[in-house]
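Colleague: Submitted below is the structure of interest, expressed as structure tokens.
The values are calculated or read from the model by the stated rules, or taken from the named source; none is laboratory data. Just so it is clear, the model here is predicted, and its values are computed rather than measured. Please note: Cβ atoms are built from the backbone with ideal geometry, for glycine as well, and neighbour counts cover all protein chains shown. Only protein heavy atoms, including side chains, enter the accessible area calculation; ligands, DNA and RNA are left aside. Shrake-Rupley method; radii C 1.70, N 1.55, O 1.52, S 1.80 Å.
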Amino acid sequence: MVENAITVHVISDSLGETGEAVALAAISQFAEDTFKIERLPKVTTADGLRELVGAHCGKHCIFFYTLVARPLRAEMEALVTSGVIGVDLLGPAVARLAEATGFQPTGEAGRIRRTDEGYFVRIEAMEFAVAHDDGRNLEGLVDADIVLLGVSRSSKTPISMYLATKGWRVANVPLVLGHEPPDELFQLDPRRVFGLVTSADILMDIRQERVRELGRHVPGYADREQIERELEEARAIMRRIGCLVVNTGNRAVEETAQEILRHVSQHYETSD
């Protein structure tokens, strides 16, 4: 971090994680090391907020804030009026929802992290994904919401874990050259099964890096000719199953996961 990077302070009456995430997204649009982020301690009183802002208000005095409690919002608005640069990340969205629906917000900080049924659903989904990673416990495939197929290093596990954080029970099964896939795959609704593919060039680069990390040679693992055969055989298996094929090449895990979820959602809507 360069010495003269401008500090964006994140302030909240909860944990401040939402504010930090938005701040990170915002500063990523500028040249590296232009800004840095400092997440300040949780504030609970107007006096504490005023003191905290005063203590961190330097040359630029920039604050991203997610304040829910009305007294704290009023105090921050007063500080902004006096010259503090404040970016209200939550207030406009909440106000617009209230205006559009007529419902009033609770003003309770930290509700997004309240332990509720959704929390336990996500925990159960993550446990399911771990238990059914890389072809383990094939008898449980029938209980999965989503099943991912692919050759080694095609992003099966990262996508599985990401989907699990959203509450989806995901299993993934590796496709190995020269080995018949498990019979259980052909007994599933193909609309819940997704084949992951990428280009041979991308897969070769990923595997070469993996071999370097392992520090040992794995015969054929990063060989282009074998990779092409693996991908060709994998596509043939996917056609036999009748599943949708999704290309993961040069795409973020989140982007691929959202494509999968769009198709899964359509499946569940037509099943109702």
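Colleague: Quick check: pseudo-label points 7 Å beyond the Cα along Cα→Cβ at A78 and A25, how many nm apart are they?
Modeller: So the two model labels end up 3.2 nm from each other.
Colleague: Which percent of the Cα-Cα distances in segment 25-156 go past 21 Å?
Modeller: Summing the P(r) of segment 25-156 above 21 Å gives 63 percent of all pairs.
Colleague: I've got another one for you. Quote to one decimal, in nm, the extra length available between R229 and A55 on full extension: 0.36 nm per residue of separation minus the C-alpha distance between them.
Modeller: 56.4 nm
Colleague: Any idea what the relative contact order of segment 149-227 is, in percent, if you count C-alpha pairs under 8 Å spaced at least 6 apart?
Modeller: Working: 62 pairs, mean separation 25.1, N = 79.
About 32 percent, as a whole number.
Colleague: A follow-up question, please. Let me have the relative contact order for segment 175-272, percent, based on Cα pairs under 8 Å that are six or more residues apart.
Modeller: Details: 78 pairs, mean separation 39.9, N = 98.
Rounded, it is 41 percent for segment 175-272.
Colleague: Could you look at the chain and say what percent of its accessible area is carbon and sulfur, using a 1.4 Å probe and all protein chains?
Modeller: 52
Colleague: Let me spell out the model: positive unit charges on the Cβ of Lys and Arg, negative unit charges on the Cβ of Asp and Glu, origin at the Cα centre of segment 50-182. What dipole size does that give, in debye rounded to 20?
Modeller: Details: 14 positive and 16 negative charges, 105 e Å.
With Lys and Arg at +1 and Asp and Glu at -1, about 500 debye.
Colleague: First check a/c for segment 8-69, with a ≥ b ≥ c the square roots of the eigenvalues of its C-alpha gyration tensor; if it is under 1.5, answer rounded, and if not, answer prolate when a/b is larger than b/c or oblate otherwise.
Modeller: Cα axes put segment 8-69 in the oblate bin.
Colleague: Sorting V43, V142, V218 by accessible area (1.4 Å probe), largest first, what list results?
Modeller: V142, V218, V43
Colleague: Per residue and in Å³, how big is the convex hull formed by the alpha-carbon atoms of the chain?
Modeller: 181
Colleague: Classify segment 177-219: rounded, prolate or oblate, from the alpha-carbon gyration tensor (a ≥ b ≥ c, eigenvalue square roots; a/c under 1.5 rounded; otherwise prolate if a/b is larger than b/c)?
Modeller: Prolate.
Colleague: I would also like to ask the following. Between A93 and E124, what FRET efficiency comes out of the Förster formula 1/(1 + (r/R0)^6) with R0 = 35 Å and r the beta carbon distance, rounded to 0.05?
Modeller: Plugging the Cβ-Cβ distance into 1/(1 + (r/R0)^6) gives 0.70.
Colleague: Does segment 89-231 come out rounded, prolate or oblate, given a ≥ b ≥ c as the square roots of the eigenvalues of its C-alpha gyration tensor, rounded meaning a/c under 1.5 and, failing that, prolate meaning a/b above b/c?
Modeller: Prolate is the answer for segment 89-231, as a/c is 1.5 or above and a/b outweighs b/c.
Colleague: Before I look further, what does the chain give for accessible area per residue, probe 1.4 Å, in whole square angstrom?
Modeller: 57
Colleague: I've got another one for you. Using the eigenvalues of the Cα gyration tensor, what equivalent ellipsoid semi-axes result for segment 213-262 when each is taken as the square root of five times the eigenvalue, whole Å, largest first? Kindly include the intermediate steps, with their values, before the conclusion.
Modeller: Working: eigenvalues 129, 65, 12 Å².
Over the Cα atoms of segment 213-262, the semi-axes work out to 25, 18, 8 Å.
Colleague: Can you give the FRET efficiency for E139 and Q208, using 1/(1 + (r/R0)^6), R0 = 41 Å, r = Cβ-Cβ distance, to the nearest 0.05?
Modeller: Values: r = 35 Å, r/R0 = 0.86.
It comes to 0.70.
Colleague: What Cys residues in the chain are without a partner cysteine, judged by a Cβ distance under 4.7 Å?
Modeller: If one checks each Cβ against the other cysteines of the chain, C243 turn up with nothing under 4.7 Å.
Colleague: Sticking with this structure for a sec: For N4 and T45 in one chain, what is 0.36 nm times their gap in residues minus the Cα-Cα distance, to one decimal in nm?
Modeller: Values: separation 41, 0.36 × 41 = 14.76 nm, distance 3.14 nm.
So the extension gain works out to 11.6 nm.
Colleague: Loop by DSSP (not H, G, I, E, B), at most 16 other beta-carbon atoms within 10 Å: where is the longest site-free stretch of the chain for GluC sites (Glu not before Pro)?
Modeller: 109-272
Colleague: How far, in nm, would the chain grow between Q258 and R191 when pulled straight, counting 0.36 nm per residue and subtracting the alpha carbon separation?
Modeller: Extending this stretch completely gives an extra 22.6 nm.
Colleague: Here is a follow-up. Taking Cα pairs under 8 Å and at least six residues apart, what relative contact order does the chain come out at, in percent?
Modeller: Normalised by residue count, the contact order of the chain is 14 percent.
Colleague: Loop sites only, by DSSP: take the chymotrypsin sites (Phe, Trp or Tyr not before Pro) in the chain that have at most 11 other C-beta atoms within 10 Å and name the longest stretch containing none of them.
Modeller: 104-272
Colleague: Sticking with this structure for a sec: Restricting to the chain, what percent of DSSP beta bridges are antiparallel, rounded to 5?
Modeller: About 0 percent, rounded to the nearest 5.
Colleague: For the chain, find the longest principal axis of its Cα atoms and tell me its angle to the long axis of helix 253-271, 0 to 90°, nearest 10.
Modeller: Tilt relative to the chain: about 80 degrees.
Colleague: Dipole of segment 153-272, Cα-centred, from +1 at each Lys and Arg C-beta and -1 at each Asp and Glu C-beta, to the nearest 20 debye?
Modeller: In total the dipole reaches around 200 debye.
Colleague: Among the trypsin sites (Lys or Arg not before Pro) in segment 34-106, which ones are in a DSSP loop with at most 12 other Cβ atoms within 10 Å of the Cβ? Mind listing them?
Modeller: Details: sites: K36, R39, K42, R50, K59, R73, R96; in loops: K42, K59.
Listed in order of number, the matching sites are K59.
Colleague: Could I ask something else about it? Let me know the charge dipole size of the chain about its Cα centre in debye, to the nearest 20, where only the beta-carbon of Lys, Arg (+1) and Asp, Glu (-1) is charged.
Modeller: Here the chain has a charge dipole of around 280 debye.
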